[in-house]
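Take this structure, written in structure tokens, and hold onto it; I'll ask about it next.
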Amino acid sequence: MSRTSSPALGALVESFFSQRLIRQRQASPATLRAYKDALRLLLGYASSKLDKPVDRLDIQDITYDLVLAFLDFLERERGNSARTRNARLAVIHSFFRHVAFSDPAAMALAQRILGIGSKRTVKLVVGFLHPPEVDALLGAPDRRTARGRRDHALLLFLLRTGARASETIGVNAADLSLKSPRQVVIQGKGSKQRVVPLATDLSAVLSDLLDERGLSACDKSPVFVDAKGKRLTRFGLTHVVRRAVRAASKQLPIEARSISPHTFRHTAAMRLLQAGVDLAVIRSWLGHSDIQTTHQYLEADIEMKRQALEAAGVTPEVQVRFQPSSGLLALLES
């Protein structure tokens, strides 16, 4: 290839993953999967719209207008939320920053696409489980069966550790220390490790689960596996939670709620907060990179706000509504 020729689109995509994401940023497998999914969707959309095989697409085919149309397609036809749309756009931005660096001839194109802004999203109140709901969900699996014992251990792990879905399914037997000090090493976002203490009840359940599967503390096999003995997937974990919700809904009306594995993470954080644990400790426990992410739990806990109101001695008073003079009304209405 001559100095003046531009690298092919395939070469840009390959170097984006191999050089930028893996070598420079040391991206985790979960991040790589998310980036691959976003670019696969974009290139598939471009191929269908341009009636051109993906292998024959050029970087100049991925225009500003095509990217905008793709983002609209995500929301209108795929039913993605604005948050998902923004996440896909972030991947596209990252790719075109790499394009601008690797292919100066595509600089103008990259700058236009980098100028596409994110959509404003509504900040949702953090959803968490209340004690009766927690008890119903933990009691839902049939612990007389191997699947039920695994499901119970899985739900208890989510609740006690506050681990993310990807972190939970990534835990190996060697990451557990079930004797004092009881703890688990969690592989977090950005390949960051953190150590989380294990509650006594969780430690006992995990010990029984490992014994049942014949695993030792130094075994690198996954803790949570599917019916075939393979590492549980994110989809499998979500299915376990949904199955527990369906079973628990016979006791409490919770099936209408949007309960996911992340709801257990929020619940663990709220329990720590309500127990008086400092926000900095909760941040370290959950693996947040920014304390502002942890601060959302303060905003969500209405009970703590009520207690603060009572502690401050603030009582509701009947306020007299301001009545402007007729002259002032006449001035404002003129």
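Any read-out appearing in this document is the output of simple, stated calculations on the displayed coordinates, not a laboratory observation. It should be emphasised that the depicted structure is a prediction, and the values quoted were computed from it without experimental measurement. Virtual Cβ from ideal backbone geometry, glycine too; neighbours counted across all protein chains shown.
At residue 144 and residue 18, where each label point lies 7 Å from the Cα along Cα→Cβ, what is the point-to-point distance in nanometres?
With each label placed 7 Å out from Cα toward Cβ, I get 5.7 nm.
Defining a contact as two alpha carbons under 8 Å apart and six or more residues distant in sequence, what relative contact order in percent does segment 1-159 show? Let's see the in-between values first.
Working: 92 pairs, mean separation 31.3, N = 159.
After rounding, I find 20 percent.
Just to confirm my numbers, what's the Cα centroid distance between segment 87-121 and segment 163-211 in Å?
39
Pairs 189/220; 36/119; 179/250; 52/230; 52/228: which are spaced more than 29 Å apart, C-alpha to C-alpha?
On the way: 189/220 20 Å; 36/119 22 Å; 179/250 37 Å; 52/230 39 Å; 52/228 40 Å.
Checking Cα-Cα distances, 179/250; 52/230; 52/228 exceed 29 Å.
Here's something else I'd like to know. With the dipole of segment 9-114 worked out from charges on the C-beta (+1 for Lys and Arg, -1 for Asp and Glu) around the Cα centre, which of 104, 70, 16 lies farthest toward the positive end?
16
Karplus couplings for segment 209-226 from phi (6.51 cos²θ - 1.76 cosθ + 1.60, θ = phi - 60°), rounded to Hz, Gly and Pro as x?
Once θ is set to phi - 60°, the couplings for segment 209-226 become 5, 5, 4, 5, 8, x, 9, 9, 5, 9, 6, 8, 6, x, 6, 10, 10, 8 Hz.
Aspartates and glutamates near residue 192 by alpha-carbon distance under 15 Å, same-chain residues fewer than 8 away left out - which ones?
Candidates past the 8-residue exclusion: 167, 175, 290.
Kindly write out, for segment 230-243 in residue order, the coupling ³J(HN,Hα) from the Karplus curve 6.51 cos²θ - 1.76 cosθ + 1.60 (θ = phi - 60°), rounded to whole Hz, with x marking Gly and Pro.
Along segment 230-243, the couplings run 8, 4, 5, 8, 4, 5, x, 5, 4, 5, 4, 5, 5, 5 Hz.
Taking θ = phi - 60°, what integer Hz values does the Karplus form 6.51 cos²θ - 1.76 cosθ + 1.60 yield along segment 63-76, in sequence order, with x for Gly and Pro?
Coupling constants for segment 63-76: 8, 4, 5, 5, 5, 4, 5, 5, 5, 5, 4, 4, 7, 6 Hz.
Go from 0 up to the bin containing the longest alpha carbon distance in segment 131-301, width 5 Å each, and give me the % of pairs per bin.
P(r) over segment 131-301, rounded to whole percents: 1, 8, 17, 22, 21, 16, 10, 4, 0.
A further question follows. Between residue 48 and residue 114, what is the label-to-label distance in nm when each label sits 7 Å out along the Cα-to-Cβ direction?
The modelled label-to-label distance comes out at 3.0 nm.
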